[in-house]
Amino acid sequence: MLNLIDVGGAGGLQGKWEARLGSIAPTIFEPNTTEADKIRDKYRAHKDIRVVERGLFNVSGQRTLHLTQHWGCVSLRQPNFDILSKYPIAKQFKVVGEKTIDCYRYDELFAKGEVPKPDVIKIDVQGCEYEVLEGFGDLLDGCIGIELETHFYPIYREQKLLHDLVALLGRFGLTLMRLSPINHFEGDMVEADAFFLLAKEKAKTPEEKANRAVVAEVYGL
């Protein structure tokens, strides 16, 4: 059974993973209490799904969450209107409030026995993907696949971009396999979903090879 770690899980699992319920064990991170309760209600009948009401980062401690006009733009980073102001979508990034949340390194939670070793990771955290991945530490070694939202231009201040993520994940044998553009920026290539898969030569055991094949199928590779 694959351990799927879904970071930023508002709305629940993606359909492609819901179709695999019964053969995966999802852990969903959602720091917003209201959204976390909705996820619990949605999957009440599925005992293998765990909802963790915490934020993830590369340093444990309190951080400020910037609440925006559209819930999908909420981030631990401030929107970068030097870039955003060129697009109609900018109004959705307007900061309407702030909230202090507790953030944790994933590997620290793992060391306490609170979360499982990850096999597959999905991240949607609006500009903090790099820091969340750093928080997994050496647990990224042996991870089969990672899907995350990434950017070619910094729509949040001081965020890392796609090339930074490629370099980080490459150290753990994870290769960028596909980009799926997200058309929120008037046709400009600003944002995309990126799919990373464990390099074929790194999958050595029969179990690793089988798991890699499953994740590749889910990712449409």
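Read the figures in this text as sums done on the coordinates, not as results from a lab. Small disclaimer: the values here were computed from a predicted structure and weren't measured. No Cβ is skipped: glycine too gets one built from the backbone with ideal geometry, and neighbour counts run over all protein chains shown.
Annotations for the structure displayed:
- Helical mean residue ellipticity (222 nm; -39500 (n - 2.57) per DSSP H run of 4+; nearest 500) of the chain: -6500 deg cm²/dmol
- Divided by 2.2 N^0.38 Å, where N counts the residues, the Cα radius of gyration of the stretch 10-138 comes to 1.12.
- Springs between Cα atoms under 10 Å define the GNM used for the chain, and in it the highest mean-square fluctuation of Asn183, Asn211, Asn32 occurs at Asn183.
- Degrees, to the nearest 10: 206-219 long Cα axis against longest axis of the chain: 30
- Selection from Ile101, Gln126, Gly22 lying farthest towards where the dipole of the stretch 2-219 points positive, charges on Cβ: Gly22
- When the square roots of the Cα gyration tensor eigenvalues are ordered a ≥ b ≥ c, the ratio a/c for the stretch 95-208 is 1.5 or more and a/b does not exceed b/c, which makes its shape oblate.
- Backbone HN-Hα couplings from phi across the stretch 177-184 [Karplus 6.51/-1.76/1.60, Hz, Gly and Pro as x]: 10, 7, 10, 10, x, 10, 8, 9
- DSSP-defined beta bridges in the stretch 1-117 - what % are antiparallel, rounded to 5: 45
- Spatial separation of Cα centroids for the stretch 1-56 and the stretch 97-130, in angstrom: 13
- In this structure the amide hydrogen of Cys103, modeled in the peptide plane, comes within under 5 Å of the amide hydrogens of Gly61, Gln62, Arg63, none closer than 5 places in sequence on its chain.
- A Förster radius of 22 Å combined with the Cβ-Cβ distance from Asp164 to Lys38 puts the calculated FRET efficiency at roughly 0.10.
- Under 5 Å from the amide H of Ile123 lie the amide H atoms of Val7, Glu147, Leu148, Glu149, each residue being 5 or more positions distant or on a separate chain, with H modelled from the backbone and absent for Pro and chain starts.
- Choice from Glu208, Glu129, Glu18 showing the highest fluctuation, given a GNM over the chain with Cα pairs closer than 10 Å: Glu18
- For trypsin sites (Lys or Arg not before Pro), the sites in the stretch 1-66 that DSSP calls loop and that have at most 10 other Cβ atoms within 10 Å are Arg44, Lys47.
- Derived scalar couplings ³J(HN,Hα) [the stretch 127-138; Karplus, 6.51 cos²θ - 1.76 cosθ + 1.60; whole Hz; x for Gly, Pro]: x, 10, 4, 4, 5, 4, 4, 4, x, 6, x, 6
- Most mobile listed residue (Gly137, Gly61, Gly113) in the chain, GNM with C-alpha springs under 10 Å: Gly113
- Per-residue ³J(HN,Hα) for the stretch 42-52, Karplus 6.51 cos²θ - 1.76 cosθ + 1.60, θ = phi - 60°, Hz, x for Gly and Pro: 4, 10, 4, 7, 10, 6, 7, 9, 10, 10, 10
- Put simply, the Cα atoms of the chain extend 50, 34, 31 Å along their principal axes, the longest span coming first.
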